[in-house]
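One structure is given below, encoded as structure tokens.
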Amino acid sequence: MKRTSNHTPVWAVVWNILLLYVAYGVTRLAFLLENLSTYDHVFTLDAWSIVVGGLYFDTSAIAYTNALYILMVFLPCHLKETGLWQRICKWIYIVVNALGLAMNLGDSVYFQYTARRTTMAFFSEFGGDDKLGTIVGYEFLRHWYLVLLFVVLMVALYKLYRTPKAPIQPRCRYYVVQTLSLLVAGYLCWAGMRGGLWDSRPIKISTANQFIIRPNDASLILNTPFSMLRTIGKNSYIRPAYYTDESELESIFTPIHQPDSSIVSRQSNDSSFTRKNVVVIFLESFGREYFGSLNRDILPGYKGYTTFLDSLIDHAAVTYRYTYANGKASIDAMPSALSGLPMFVESFVAASHATNHLGGMAACLDSLGYETAFFHGAPASSLGFQGFTKSIGFQHAWSQEDFEADSRTEGRAAYDNWWGIWDEPFLQYFRMKMSDMKEPFMTALFTLTSHHPFHVPDKYKEVYREEELPIHKCIRYTDNALRRFFAEAAKEPWFKNTIFVLTGDHTNASNHAEYKSGINQFSTSIIFYDPSGHLTPGIHDGIAQQTDILPTILGAVGYPKPYMAFGCDLFNTPAKDTWAVNYLDGVYQYCKGDYVLQFDGEQAIGIYRLTDYRMQHNLKGQVAEQSQMECELKAVIQQYMNRMIDNRLIPDE
């Protein structure tokens, strides 16, 4: 008898869906193995919870992505019994699930740079870049084994697929059976999407935290199709009700800063007072981990990769014992540092409220007569930087095209063939352009060489060779480019009347366990340098975050008006009152004093000492400061959400 692959619709669908569970499990295992240094603890601590939680989210993703396939299989219509209909069903099943599995395998690689599953915000960050396809192709070659695994999975799905075909039966019975099957399958599919038959609310990304001990394990529970689907067109900002009394909320925390009247008065009466130029340099991927000077207590004997910046910190610049980014992507850094706005739930640039009126450093200093300009060595359209900077008040925006058109530069010869102009020549262009500007000026620059795929110019390939991680040679290259920039800038007449801020936009790949924990995945660099010598150099006690940059600079230049910032003036705030906040996979992290609190929006899920760099000892319920930290964090969240929803991101007139 000839073997057939035809089966009743119910058993065929059950079999084909079970194949997907196996395939999703294989891609999760690939994700784990590709990021084993981050997740090696799961084999001994919570492996079973990872399995259960993974099935929970895989069910939702499979239900979402296969809803059309299930509808076509159970549709009460004889047309679906034809060979053409069945072939269409099979190819819908194959193509849709190929996309989902490819997303999972792709995130196995991309995760090391973001520490989270990819969401729809990815397309807001990279959607305008024509280099994305080239980078994906490059990673295909580097991770050929994952491509091979994808091919094996797809061949297996194709070969093992069972064709659903209803048995021959009377017409009336056929329609009754198929209709009932469709209703049952539809209900189960709906329940699977929501995460259960009786759950009152659909599962969301933050639900993953119910299955894990450490919040940064959430990405191992999740899958990428779910993360993408659950963030399509979502209004992520929901008005919380932690405090019903507005005056109580304002008394606990307000982001509105009032100028120090004594400082403003003193400056206005000092005829010799000159406002300083301000230069903010965003260093692509310059996490704290790469600095030798910032890790002497954490990693004894560690030299790092930032020889110049280490020397600057030791002898001339100021930084703080704990320094954090407010987001995990490049498009999070500028709203944080330039406008005092942290990233909660989704990037401001990608949010549904991105048209809200957001002020910031450029707009504030423009009102004091500053000339302002933003620089980025990539094309003008890259990452939406120029559009954002113009929206917050920058007068000029200069990019790769302007560099190439300037006769003082190397022109197109300085293009890196990936993202834009190499950092070394672009930093010198930056210096020359600032010398053309009228003082006082405020500028911001975003470097790019230390971005994936981590190349350095040919002339430096023997100087900066491959080390533990591909990014390390790029960190050394950009550090040296900064050395050359400051050496030349020191010759300019504006140099000594300038305050420089250098901050990593976010963290990147890590090879130390101390920087793979929840809060330390945000440990970036924040450095203040005043060549006039008005700052006491070294590592000061306290906590610093990117949202502190705006109030610190406005305080330093004597800005005389109210402004909004979710941060503090580091130069005029006692160390015990400094703080930081960030958000990852549904969990808010709030640092203050000696601790970091983790809060899922409803309750505290952990509190750790900041010196517990690997976050191995959860002190929830054992720390007296926990209650006050919860109150303060709730006030920060509620102020953020209320102001975002109400479009109140600048002070009332």
Item to check | Selection within the range 166-178 - part of a helix (DSSP H, G or I) and either modelled with pLDDT of 90 or more or open to solvent by 40 Å² or more (accessible area, probe 1.4 Å) (or both) | outcome: Arg171, Cys172, Arg173, Tyr175, Val176, Val177
Checklist entry - Does Tyr559 satisfy being among the aromatic types (Phe, Trp, Tyr), under 24 Å from Arg275 (Cα atoms) and touching a helix residue (DSSP H, G or I) at 6+ places or on another chain (Cβ under 6 Å)? => result yes
Item to check | Where a residue in the range 248-277 is open to solvent by 40 Å² or more (accessible area, probe 1.4 Å) and at pLDDT 90 or above and its partner, wherever it lies, is β-branched (Val, Ile, Thr) and part of a loop (DSSP other than H, G, I, E, B), with Cβ under 9 Å and at least six apart | outcome: Arg275/Val557
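Of all residues in the range 577-587, which are at pLDDT 95 or above and more than 12 Å from Phe522 (Cβ to Cβ)? Walk me through how you get there before you give the answer.
Narrowing the range 577-587 to residues at pLDDT 95 or above: 577-582.
Correct list: Asp577, Thr578, Trp579.
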Next on the checklist: Residues that are out of contact with any Leu (no Cβ under 8 Å at 6 or more places or on another chain), of a type in the set (Val, Ile, Thr) and farther than 30 Å from Asn647 by Cα: does the range 307-318 have at least one?
Outcome noted: yes
Next on the checklist: For the structure I just gave you, tell me whether Ala413 is among the aliphatic types (A, V, I, L, M), at pLDDT below 95 and surrounded by fewer than 20 Cβ atoms within 10 Å (Cβ to Cβ).
Outcome noted: no
Next on the checklist: Looking only at the range 179-219, count every residue that is surrounded by fewer than 20 Cβ atoms within 10 Å (Cβ to Cβ), modelled with pLDDT of 70 or more and among the polar types (S, T, N, Q) and tell me the total.
Outcome noted: 1
Checklist entry - So, of the residues in the range 556-584 that are of a type in the set (A, V, I, L, M) and outside any strand (DSSP E or B), which turns out to be farthest from Ser261 (Cα to Cα)? => result Ala575
Next on the checklist: Just the residues that are part of a loop (DSSP other than H, G, I, E, B) and either at pLDDT below 95 or of a type in the set (A, V, I, L, M) (or both), please, taken from the range 305-339.
Outcome noted: Ala316, Ala325, Gly327, Lys328, Ala329
Item to check | Residue that is most open to solvent (accessible area, probe 1.4 Å) [pool: residues in the range 502-555 that are part of a strand (DSSP E or B) and farther than 24 Å from Gln589 by Cβ] | outcome: Tyr529
Next on the checklist: Cβ contacts < 8 Å: first residue touching a residue at least 40 places away in the same chain (Cβ under 8 Å), restricted to the range 156-168; second residue charged (D, E, K, R), any location; separation 6+ or different chain. Result?
Outcome noted: Tyr161/Lys90; Thr163/Lys90; Lys165/Glu81; Ala166/Glu81
Checklist outcome for this item: Residues of the range 592-614 being out of contact with any helix residue (DSSP H, G or I) (no Cβ under 8 Å at 6 or more places or on another chain) and assigned to a loop (DSSP other than H, G, I, E, B), in sequence order, are Asp594, Glu602, Gln603, Leu610, Thr611, Asp612
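The values are calculated or read from the model by the stated rules, or taken from the named source; none is laboratory data. All figures in this text were calculated on a predicted structure; none of them were measured in a lab. Neighbour counts are summed over all protein chains in view; Cβ atoms, including those assigned to glycine, are modelled from backbone coordinates with ideal geometry. When the accessible area is computed, the model is the full protein with side chains, heavy atoms only, and any ligands, DNA or RNA have been set aside. Shrake-Rupley method; radii C 1.70, N 1.55, O 1.52, S 1.80 Å.
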